[in-house]
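Note sheet for the following structure.
What follows draws every value from the coordinates through simple rules; no lab data is involved. What you see is a predicted model, and the numbers here were worked out from it, not measured in a lab. Positions of Cβ are backbone-derived with ideal geometry, glycine not excepted, and every protein chain shown enters the neighbour counts.
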Amino acid sequence: MISETKKIIFSALPYSHGDLHCGRILGSTLPADFLKRYFLLKNKKVVHYSGSDMFGELIYLKALDLQKNPNEIALSYHENFLKDFDFLNISFDKYLKTNSFEHIEFVNKFFDEQLCPYLDKVLNYSFFCNYCRRFLSMRGIFTKCFYCKETISDDVCEKCWNHFKITKDSIANCKNCERILEVKEVQNFRFPIVLTQQQRNKIIQSCPTKYLKKLFNKGILDGRDILRYSPYGIAWTNSEIKNTIIYVWIEALLSYLQLEASDSNNNLERFFFFGKDNFHFHAEILHKLYFLSRSPESIQKFNSKLIIRNFLNCNNKKLSSSKFNEKELFFIKDLKKIVPSDTIRFYLLEKDLLNRDSNYSFKELINFHNKIYCNKFINYFHRIQKCSPKSILFKKTKLMLDFQNKLDISFELSNLNKTYKLFIKIIDLGNSLLDKYIKNKNIRTLNSSIKLIINSLDYFEIIMPNFFSEIKDKIKVTDTQISLNLENISRFKKIEFFN
């Protein structure tokens with residue numbers, strides 16, 4: 001007997017060097033929460049896993065600047081993450097920290113047992129700051145992309161998506177002291193596994209653009225060095241090369257393998273949510289780690305979907321690169337003092353575009369709360385309450401089933417902007433039918449309006465769980481009747497925007 005497929009949804013690990021903002025939430029965590037809630041609605045076996053990435057150059061640099069322990073800084077942001085997730089009604093079945101004893105032990109065991117037999121020792125190059133007296137990773141420097149000449153401070157250029165490879169002639173500056181760096185020859189181990197074309201073809205279906213597909217087929221991350229000369233990170237205890245740590249993009253991605261280690265069911269379907277800037281690492285390194293830990297037979301059955309989100313920009317800059325501005329609040333810790341969580345969830349649903357980046361504006365968020373959330377949704381139920389229907393006969397119509405089928409397709413494809421447009425169509429049609437009833441007092445239009453909205457309540461609750469769980473508590477639906485008791489439902493005040 002074939003066991004039921006278990007769905008595992010992974011959100012990319014938030015990096016514990018800064019507070020959560022709307023772009024980070026939209027990039028992976030919120031779409032993953034929507035999909036989990038949808039699968040639960042359909043009675044599927046599903047879990048949602050993630051964790052906090054507690055290591056990396058930016059945490060170390062911030063610790064130097066603030067004269068604090070980097071672990072203390074990472075833990076502080078980790079705790080803030082949990083509070084923000086709780087406010088947004090985002091839950092996890094497992095959520096780890098990459099500096100936990102269990103994770104460090106898992107990573108070292110994987111290196112000793114799975115990776116070590118394939119490693120090649122090589123001589124390579126690394127940046128060294130003579131003023132700060134230490135080696136630097138790409139996050140600790142800024143330089144020019146070899147291909148497009150864009151200023152970069154990461155392994156992959158966000159403009160042309162090519163991988164930056166350090167050579168003896170590379171020129172870069174230290175982010176901390178801004179001095180020109182020395183290039184030193186160092187020992188390292190090279191990531192040995194090269195994906196077969198068959199494996200690449202399976203993964204490449206998730207690529208969002210033809211250009212990324214081309215780069216992925218070139219294998220730009222093949223031959224990746226696996227160690228970094230840095231004081232902050234996870235050390236490979238049995239490594240021959242001392243005073244090094246494991247490359248964060250390897251040890252952090254091993255979190256996914258650790259999180260699903262207890263899921264003994266072989267019939268697993270995996271969904272990985274992350275931003276497009278992390279595509280190369282998830283497509284190349286993550287799959288290599290999975291394939292290393294599996295037999296050739298199980299690799300053929302490996303079932304994964306990479307679900308890639310575009311950027312949320314502010315003033316045409318990626319939100320994570322935007323400077324704080326009191327008129328452009330985008331951190332969750334600030335927004336939760338002003339705006340209900342349902343508004344943020346629904347607003348970001350509309351901002352999730354498949355083919356291009358979208359733009360965020362705090363003023364737009366406030367207008368969205370007032371015009372869409374309050375006027376269209378909240379006021380609809382208050383208007384129904386004034387009409388005082390106690391119960392109506394219920395029978396599903398073709399229109400209801402049509403909307404339901406379209407919602408199913410949009411959720412399964414994670415086409416969130418399409419989902420948003422369907423919700424707007426449903427509530428607009430419901431309000432339009434209600435307007436006709438108020439004008440003509442035709443009870444059939446009132447009943448049609450109520451039945452249309454009530455039939456979609458489970459879907460609305462996926463996106464706006466606070467308000468619609470309250471509505472569901474006040475409505476009883478059977479195969480033949482709807483009973484309503486809408487007294488004392490919540491009212492949300494409109495928010496005034498000050499320039």
Problem set entry | Among L75, N313, I245 the positive-end extreme of the charge dipole of the chain (Cβ point charges) | N313
Problem set entry | Centroid-to-centroid separation of region 352-398 and region 6-32 [C-alpha atoms, Å] | 25 Å
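What's the exposure ranking of T196, T445, T480, going from fewest to most Cβ atoms within 10 Å?
On the way: T196 11, T445 18, T480 8.
Exposure proxy ranking, most exposed first: T480, T196, T445.
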Problem set entry | the chain - mean residue ellipticity at 222 nm from DSSP helices (-39,500 (n - 2.57) per run, n ≥ 4, rounded to 500) | -11000 deg cm²/dmol
For this session: Using 0.36 nm per residue of separation minus the Cα-Cα distance, give me the extension gain between K386 and S432 in nm, one decimal.
Result: 15.0 nm
For this session: Enter the angle in degrees (range 0 to 90, nearest 10) between the Cα long axis of helix 101-110 and the first principal axis of the Cα atoms of the chain, meaning the one along which they spread out most.
Result: 60 degrees
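Want the number for N359 to N315: 0.36 nm per residue separation, take away the alpha-carbon distance, what's left? Don't skip to the end; give the middle numbers.
Details: separation 44, 0.36 × 44 = 15.84 nm, distance 0.73 nm.
Difference between extended and current length: 15.1 nm.
Round to the nearest 0.05 the FRET efficiency obtained for L399 and D86 when R0 = 41 Å and r is the Cβ-Cβ distance.
Values: r = 37 Å, r/R0 = 0.91.
Here the calculated transfer efficiency is 0.65.
Does the chain come out rounded, prolate or oblate, given a ≥ b ≥ c as the square roots of the eigenvalues of its C-alpha gyration tensor, rounded meaning a/c under 1.5 and, failing that, prolate meaning a/b above b/c?
Working: a/c = 2.44, a/b = 1.82, b/c = 1.34.
The shape class here is prolate.
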For this session: Give me the angle, in degrees from 0 to 90, between the Cα long axis of helix 341-351 and the longest principal axis of the Cα atoms of the chain, rounded to the nearest 10.
Result: 70 degrees
Problem set entry | Whether region 370-435 is rounded, prolate or oblate, judged on the alpha carbon gyration tensor where a/c under 1.5 counts as rounded | oblate
For this session: Could you please rank D53, D479, D352, placing first whichever residue has the fewest other Cβ atoms within 10 Å of its Cβ?
Result: D479, D352, D53
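Which entries of K6/K425; K305/K406; K425/K451 have Cα-Cα distances beyond 25 Å here? Don't skip to the end; give the middle numbers.
Numbers: K6/K425 33 Å; K305/K406 21 Å; K425/K451 15 Å.
Listed pairs above 25 Å: K6/K425.
Which chymotrypsin sites (Phe, Trp or Tyr not before Pro) from region 108-206 combine a DSSP loop assignment with at most 16 other Cβ atoms within 10 Å? Each step should come with its number before you reach the end.
Working: sites: F110, F111, Y118, Y125, F127, F128, Y131, F135, F142, F146, Y147, W161, F164, F189; in loops: Y131, F146, Y147, W161, F164.
Within region 108-206, the qualifying chymotrypsin sites (Phe, Trp or Tyr not before Pro) (loop, at most 16 other Cβ atoms within 10 Å) are Y131, F146, Y147.
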Exercise. Looking at region 406-499, which chymotrypsin sites (Phe, Trp or Tyr not before Pro) are DSSP coil and have at most 15 other C-beta atoms within 10 Å of their C-beta?
Worked result: F497, F498
